[in-house]
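Working notes, structure below.
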Amino acid sequence: MKTIACIYCEGNDTKLAVVGHEKNGSRLKVLSTASVDVVSSKTDLHPTAGFNLDADGLQLEGEGAKDTSFGSPELEAPSISSIGAALKGINLNKLEFIPALTEPAIYYHPFDGKRDLKGNKLLDEIISDIRQSKGMNIERESLDYIELSDGSLLSAFVDGPVACVNLTDNIAEHLGKKFFKVPTIKSADIALAYYVAKRKKFFPDDQSLIVYIGKEYSKLIFLQGRKLKHIGTTLDIGTTNLHTYDVYFSKILLEMENGGISSLDNIIVCGEDDSENLILSFYGTFPEANVSRLEFDDLDVSQIDEETKAKFSSYSVPIAVATEYFDEIAKEHKGINVLPKYISEEQKFFQFSWHSFAVLPLLFLVAFLFTLKVLQNNKELSRLDEEIKQKNMIIRQNQETLSKISELEGKISSFGQTQAILDSAAVGTGVWKNVLKDIAAFCGSKQNIWISNIVRDNSNSIKIEGYSLSKYSPTDLAYSFENARLNSMLNEALREKNAYKYNLTFDITSYQKKK
C-alpha cells in the first residue's frame, strides 16, 4: 500500500489526513486524521512565516511569533502530539507528505496570452507576464497552470519559502527523521474543484458553486460543467468569527459579478460547517439552485473513529488533494504542481554544486578502481576457499587414518592380556576336569545331593551352591576337598520335602596339590 500524508495549512488551522491506496485499484483508505491549531487566534501572524518545533511543541517564527510554543497560555490545546498520534503505526520511511496551499501562501494569475505555445516556452511567457504585471520573478519549477472552462489559462505559483513544507520538516525532526519526502505541492482550491467535479454529476452548462467554510477563512470556487471557471478571493470569515450566514450571500453575489456568472444551478457546501441550517439558508437565497453537502462515500473510513466521521467534511481539502495525487499516478488527471526547485534539491540524496560536478569524473575513477580491487580480492578469496577445501579433505583423510591406527593399537595392547587369559585357561583345564569329575562321582554315589551353581570368585577360590536331602552329605562333600569350608547350610522345603541349601568354598590350588 502506498501511503501519503496530505497536510492543509490554512492560517492557524492545520488539517492532516493519512491516506493509503492499494495497487489493485481499490478505494482510497483513510488511515488517520489530525486537526491542529498551530497558534491561537490572538496572535497575528504573517501567513508565510516559518515554523519551528521544539521540545515543548509547535512554534511559528516571524512577526508576532514570540512565546507561542505549545504549553503557553496563548496556544490551543491540540499540539504536535496530535500529528504524532496520527502517524503512529505508519511506516515513516515510505511516507510522503503533500502540502496543500491556498491564498495568500499561493498566488493565482490568469493568462490570456500566447496559448498556442507549449512546454517551457509557454511557462516562460507566463513568467514574463507575471513579471510585468506583478513585478515578481518566478522560477519555472514554482509555477504551473490549468485550463479554465472558457479556454483561458489560470497559473498558480509560490514565491519564497513555503511555510507548510517547513512544518513538515519540523514534524520529521520531532519524529527523528531528517525530512519527509515531498513529491509535489498542490493548490487546495484547484484540487477541491477537481474532487467535487469528479464526485458530482454536472451538466456541461451547469453553473456550480463550491462553498468551503474554514475556521478563520472561507473559499468560493465556481465551476462551469466539470471545469474550473473562477476562484473567488479568500474570505476572512469562518466558524470562529461568523455571526450570520447573510454575509456569505453578499460575497457570493460579488464574486458572481466578477466571474461573469449570471445564475447558479448547484451549490456544494463543505468544510467546518455543512449543517442543515446552512443548507436551508442557501435554499432561501438561491431557490433555483440544487444545494447539497459534499459526500465521501467513495472512501474507506473504517479505521477512523465516529467523532471524526461526524465532522469529516472539515478534511475536504486533504482528501481532495489525495484523490488528485493518486489520479495523477494512475495517469487519469494532470493537476497543479508548484514544488520549488530548492525543495527538490534539499531532498536529493546527493546534493552537488557546480564545482562538485568537476570532481564527478574522479568519483567514477575511484569507483572503478575500487570495483577492480574488489574483483581481485574476490578472485583471491575464491582461490583460498578452494585451497581450504583441499586442506580440509586432507585433514579428514588423516583423521580416518589416525582412527584406524588407534583401533590397531588397542588390539595390539589387548593381545598380551588375551594371551595370558588363554594361557591360564589352558593350564587350568585339567584341574577343572578333575574337579567336575570328582564332584559328579560324589553326587552319583550319594544320590541325595545336587549342585545348582559353581562359581570362580577370583583366580583361586571356587564357590559351590546346591541342595541336599541329608544334612551329612554337604559335610562329606566339604571333606573331599583340601582346605574346603562349609559356609552355610539352611533348611528349606523342596517339593514338599525338607532339604538343606548349602554353600561351600575351596581353594583350587590346594586341590591341585592334593592330586
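The values are calculated or read from the model by the stated rules, or taken from the named source; none is laboratory data. The structure displayed is predicted, hence computed values, not measured ones. All Cβ positions, glycine included, derive from the backbone under ideal geometry; neighbour counts span all protein chains shown.
Summary table
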{"item": "The stretch 212-236, residues that are more than 20 Å from residue 35 (Cβ to Cβ), of a type in the set (Val, Ile, Thr) and buried (at least 22 other Cβ atoms within 10 Å of the Cβ)", "result": "221, 231"}
{"item": "Some residue of the stretch 300-313 being in the same structural domain as residue 181 (by TED's automatic domain parsing), closer than 18 Å to residue 191 by Cβ, in contact with a helix residue (DSSP H, G or I) (Cβ under 7 Å, 6 or more places away or on another chain) and not acidic (Asp, Glu)", "result": "no"}
{"item": "Residue in the stretch 130-143 that is acidic (Asp, Glu), closer than 25 Å to residue 11 by Cβ and touching a residue at least 24 places away in the same chain (Cβ under 8 Å) present", "result": "no"}
{"item": "3 or more residues at pLDDT 85 or above, under 34 Å from the mean Cα position of the chain (by Cα) and buried (at least 18 other Cβ atoms within 10 Å of the Cβ): qualifying strands (runs of 3 or more DSSP E) within the stretch 5-119", "result": "13-21, 28-37, 96-101"}
{"item": "Looking only at the stretch 242-296, and only at residues there that are in a helix (DSSP H, G or I) and of a type in the set (Ser, Thr, Tyr), the one that is surrounded by the fewest Cβ atoms within 10 Å (Cβ to Cβ)", "result": "250"}
{"item": "Restricting the stretch 464-486 to residues that are polar (S, T, N, Q), within 18 Å of residue 435 (Cβ to Cβ) and surrounded by fewer than 16 Cβ atoms within 10 Å (Cβ to Cβ), the residue that is modelled with the highest pLDDT", "result": "480"}
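Here's the yes/no breakdown for (1) within 23 Å of residue 318 (Cα to Cα); (2) touching a Ser or Thr at 6+ places or on another chain (Cβ under 9 Å); (3) among the aromatic types (Phe, Trp, Tyr):
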| site | (1), (2), (3) |
| --- | --- |
| 201 | yes, no, no |
| 237 | yes, yes, no |
| 247 | no, no, no |
| 255 | no, yes, no |
| 259 | no, no, no |
| 267 | yes, yes, no |
